[in-house]
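Undergrad: Next up is a structure, given as structure tokens.
The values are calculated or read from the model by the stated rules, or taken from the named source; none is laboratory data. A quick note: this is a predicted structure, and the numbers were derived from the prediction, not measured. Here the Cβ positions follow ideal geometry from the backbone for every residue, glycine too, while neighbour counts run over all protein chains shown.
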Amino acid sequence: MNRETMKWWGWGREDTAFHHDDKPALRPLLLDRLGVDIDIPAAGPPHLDDLHLPQPHRPEPLTSALAAATELGDVPVERLTHGTGKSLRELVDLRAGRIGRLPDLVVYPGDEDETAEVLRLAAEHGAVVIPFGGGSNISGSLRPPGDETRPVISLDLARMNRVESIDTESGLAVIQAGALGPELEDHLNAAGWTLGHFPDSFQHSTLGGWIATRSSGMQSDTYGDIAAMVAAVRVVTPRGLLVTRPLPGTSTGPSVLEMILGSEGRLGVITRATVRIRPLPKRRVVLGYLYPSWAAGLRAAAAITRGEARPAFVRLADAEETTFSLSLRTGGPGRTGKLLDAYVRTIRRQDPRQLCLGLVGYEGSPSSVRRDRKLVATSVQAEGGFAIGAGAGAVYDRKKFDTPYIRDFLLSRGVHADVSETGAPWSRLPGLYDEVMTAFRTGLAESGARGSVMCHLSHTDPIGACLYFTFAVVPAEDGDLSTYDIVKSSVQQAFVDGGGTLSHHHAVGTEHARWLPEDVSTAGAGLISALFTATDPVGLLNPGKIVP
Ligand SMILES: Cc1cc2nc3c(=O)[nH]c(=O)nc-3n(C[C@H](O)[C@H](O)[C@H](O)COP(=O)(O)OP(=O)(O)OC[C@H]3O[C@@H](n4cnc5c(N)ncnc54)[C@H](O)[C@@H]3O)c2cc1C
């Protein structure tokens, strides 16, 4: 199979990396926040030859039966790229040479029949199957259990990546589950349509992965998250082919489609989905706004979301994240930045260090965009905010898929950076924000390490929104995850204690599984567990995820 996979030791393409030479404000900021000097030459990327991959467990009858049934991977690094996602823990472990259990075989079925045959053979030979999309999850969703003694098969859907049909009358498209974001959007765009699902991982994640993790894209405010976009699925399960149909509504018991959403490969292999699509918007613009404080920005975001405007997205960074974003400007603040600084200090009499950057994306006809801009301006001004034009928004739109490369840049300089996100009703968001910040600082103090945290609000909904925390800690030594563990646990615990969800869109996997009963109640977690056990009593499919 010749689809390019991501680099095994980090995010994205081998030939792409984050550089700081042209961003003069970044070095002083990181020196101040983390005590790390990014001008000191970093460690180079790790070498594959330094790793000791565990011997694969490939019983001959199974291997030859799979080879006869479908395409079998034959390059050793495939086991590594298919056995790990992109969580910080996995990347740190890999760099430290802690490989753990890997898949023994990688298969690339070309259609539903081959997929069913792989599942049948796995069941017959007592093996395990883990569906693989793009490998971009950050929740440990692809890791075989460390003590798994059965052969483990990674089932990669890369050959099932086509848009099969577009129903323009209904606004529906049938798309194979292995399609990566750009593969499906390019096809839909050429026909004048869009799915409108743009997670930050868009370039390296698949439709099947989005469904299996209940993903949410940056424009979920108007397009909805993947759960709202998927109208029907086809899933190869150990008990046969599961098919749901695209219907405007149905009243036929608990939703089978909902059971598949977020199932992380435990119920079957999603082979294709029928998704709701929309005509490409005629106009798109992202505008920036500055607010005097986080509280003012939060009130404005709630008012915008609950008002009559229908922006594609509403985003708000706290003061720390605003400063960080501004430090990524190439060439520094420039003349416009200095004028803005002077305007804020002298005319508006506000402290530039407290300013919070808001971004609002507008999409639609020129007249609907004009109308929405006016409505949003009223909400912004009511909270003492003001517009700063399209510059910041254009940079965000252009660079949004590059941001993930910063984590590898920091990791090579000894910094563990990660994200944790939650969602809660509007009334809970201000308190929850404070509680998470306190939890982070308490965790950091307990570990005695240096670190920093920042937050933005995104994925708005009339009843609430997502708070997305990005944090960085400096471990005592390379490869040591103890500081990260303390801080990450403190943040996750604060989410559930504070009325938020343990994960707004990054799924459960193994990373978040221990908080599931606190999120959905013990009875709720028991229901999920019973579903998995009843449909797959031997743990054929991705065992140990969501509920241990
Ligand atoms: C830098 C970065 C940015 C990210 N940004 C976002 C974001 O903005 N929004 C967001 O929602 N997520 C984001 N994520 C998380 C990740 O991209 C999502 O969880 C994504 O949905 C995973 O898709 P994938 O195709 O890579 O799935 P994989 O990582 O390959 O698999 C994830 C899980 O889904 C299962 N699975 C995959 N395909 C199938 C299938 N066809 N049938 C059954 N099960 C399947 C796997 O077994 C596994 O349990 C980000 C991750 C990173 C590293």
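Undergrad: Against the definition (within 11 Å of the ligand (Cβ to nearest atom) and aliphatic (A, V, I, L, M)), how does Val233 come out, yes or no?
TA: So Val233 passes the test.
Undergrad: Are there any helices (runs of 4 or more DSSP H) wholly within region 35-134 with 2 or more residues that are within 16 Å of the ligand (Cβ to nearest atom) and either over 20 Å from Arg3 (Cβ atoms) or in contact (Cβ under 8 Å) with a residue 40 or more places away in the chain (or both), and if so which? Working first, answer last.
TA: Details: elements: 60-69, 76-83, 88-95, 112-124.
Because the criterion is at least 2 residues that are within 16 Å of the ligand (Cβ to nearest atom) and either over 20 Å from Arg3 (Cβ atoms) or in contact (Cβ under 8 Å) with a residue 40 or more places away in the chain (or both), the helices (runs of 4 or more DSSP H) in region 35-134 that meet it are 76-83, 88-95, 112-124.
Undergrad: Do we have Gly209 as over 30 Å from Ala534 (Cβ atoms), surrounded by 18 or more Cβ atoms within 10 Å (Cβ to Cβ) and in contact (Cβ under 8 Å) with a residue 60 or more places away in the chain here?
TA: In short, no.
Undergrad: Hey, does region 382-391 have a residue that's surrounded by 19 or more Cβ atoms within 10 Å (Cβ to Cβ), among the small types (Gly, Ala, Ser) and away from the ligand (no atom under 16 Å from the Cβ)?
TA: Checking region 382-391: at least one residue is surrounded by 19 or more Cβ atoms within 10 Å (Cβ to Cβ), among the small types (Gly, Ala, Ser) and away from the ligand (no atom under 16 Å from the Cβ).
Undergrad: Here's something else I'd like to know. Can you go through Gly297, Gly337, Gly268 and tell me which one is among the small types (Gly, Ala, Ser), within 19 Å of Gly389 (Cα to Cα) and either within 16 Å of the ligand (Cβ to nearest atom) or in contact with a Leu (Cβ under 6 Å, 6 or more places away or on another chain) (or both)? Give the steps one after another, and end with the answer.
TA: Values: Gly337 fails: either within 16 Å of the ligand (Cβ to nearest atom) or in contact with a Leu (Cβ under 6 Å, 6 or more places away or on another chain) (or both); Gly268 fails: within 19 Å of Gly389 (Cα to Cα).
Only one candidate qualifies: Gly297.
Undergrad: Looking at Gly178, Gly135, Gly126, which one is out of contact with any strand residue (DSSP E or B) (no Cβ under 6 Å at 6 or more places or on another chain) and more than 21 Å from Ala65 (Cα to Cα)?
TA: Gly135
Undergrad: So, one more: Name the residue that is farthest from the ligand (Cβ to nearest atom), counting only residues in region 396-425 that are farther than 22 Å from Val508 by Cα and touching an Asp or Glu at 6+ places or on another chain (Cβ under 9 Å).
TA: This residue is Gly414.
Undergrad: Go through region 183-216 and count every residue that is assigned to a loop (DSSP other than H, G, I, E, B) and either near the ligand (Cβ under 7 Å from one of its atoms) or closer than 22 Å to Val269 by Cα (or both).
TA: 9
Undergrad: Could you please find all residues in region 83-106 being farther than 21 Å from Pro151 by Cβ and not small (Gly, Ala, Ser)?
TA: Once the filter is applied, which keeps residues that are farther than 21 Å from Pro151 by Cβ and not small (Gly, Ala, Ser), region 83-106 yields Lys86, Leu88, Arg89, Glu90, Leu91, Val92, Asp93, Leu94, Arg95, Arg98.
Undergrad: Which residue out of Gly414, Gly358, Gly385 is on the phi > 0 side of the Ramachandran plot and either of a type in the set (Gly, Ala, Ser) or within 26 Å of the chain's Cα centre (by Cα) (or both)?
TA: Sole residue among the options that is on the phi > 0 side of the Ramachandran plot and either of a type in the set (Gly, Ala, Ser) or within 26 Å of the chain's Cα centre (by Cα) (or both): Gly414.
Undergrad: Identify, from the list Asp408, Asp461, Asp478, the residue that is in contact with a Gly (Cβ under 6 Å, 6 or more places away or on another chain), in contact (Cβ under 8 Å) with a residue 12 or more places away in the chain and acidic (Asp, Glu).
TA: Asp408
Undergrad: Please state which one of Thr346, Thr336, Thr403 is surrounded by fewer than 16 Cβ atoms within 10 Å (Cβ to Cβ), modelled with pLDDT under 95 and more than 30 Å from Phe18 (Cα to Cα).
TA: After applying the criteria, what remains is Thr346.
Undergrad: Do any strands (runs of 3 or more DSSP E) entirely within region 410-520 hold 1 or more residues that are of a type in the set (D, E, K, R), and if so, which?
TA: Because the criterion is at least 1 residues that are of a type in the set (D, E, K, R), the strands (runs of 3 or more DSSP E) in region 410-520 that meet it are 416-425, 450-461.
Undergrad: Here are some conditions: (1) surrounded by 12 or more Cβ atoms within 10 Å (Cβ to Cβ); (2) free of Cβ contacts under 8 Å to residues at least 24 places away in the same chain. Met6 meets all but one. Which one does it not meet?
TA: Looking at each condition in turn, Met6 falls short on (2).
Undergrad: A further question on this structure: Does region 415-448 hold any residues that are modelled with pLDDT of 95 or more and among the small types (Gly, Ala, Ser), and which are they?
TA: Across region 415-448, the qualifying residues are Ala417, Ser420, Gly423, Ala424, Ser427, Gly431, Ala439, Gly443, Ala445.
Undergrad: Picking from Pro145, Pro103, which residue would you name as being buried (at least 19 other Cβ atoms within 10 Å of the Cβ) and of a type outside the set (Val, Ile, Thr)?
TA: Pro103
Undergrad: Can I ask one more? Look at Leu53 and say whether it is under 25 Å from Asp478 (Cβ atoms) and within 27 Å of the chain's Cα centre (by Cα).
TA: no
Undergrad: Out of all the residues in region 165-182, which are outside any loop (DSSP other than H, G, I, E, B) and within 15 Å of the ligand (Cβ to nearest atom)?
TA: Passing the criteria: Val174, Ile175, Gln176, Leu180, Gly181, Pro182.
Undergrad: Could you tell me how many of the residues in region 217-229 are touching a residue at least 60 places away in the same chain (Cβ under 8 Å) and within 12 Å of the ligand (Cβ to nearest atom)?
TA: Initially, region 217-229 is screened for residues touching a residue at least 60 places away in the same chain (Cβ under 8 Å), giving 218-223, 225.
Of the ones still in play, those that are also within 12 Å of the ligand (Cβ to nearest atom) are 218-220, 225.
Adding up the residues that qualify gives 4.
Undergrad: Follow-up. Among the residues of region 147-162, are any more than 7 Å from the ligand (Cβ to nearest atom), under 25 Å from Val314 (Cβ atoms) and of a type outside the set (A, V, I, L, M)?
TA: no
Undergrad: Can you tell me which residue in region 423-453 is surrounded by the most Cβ atoms within 10 Å (Cβ to Cβ), limited to those that are more than 24 Å from the chain's Cα centre (by Cα) and without any contact (Cβ under 8 Å) to a residue 40 or more places away in the chain?
TA: Ala449
Undergrad: Kindly indicate whether Arg329 is at pLDDT below 95 and of a type in the set (D, E, K, R).
TA: When the stated conditions are applied, Arg329 passes them.
Undergrad: Starting from region 360-374, take each residue that is within 16 Å of Gly389 (Cβ to Cβ) and in contact (Cβ under 8 Å) with a residue 12 or more places away in the chain and list its partners that are acidic (Asp, Glu) and surrounded by 16 or more Cβ atoms within 10 Å (Cβ to Cβ), counting only C-beta distances under 7 angstrom and pairs at least six apart or across chains.
TA: So the pair list comes out as Tyr362/Asp372.
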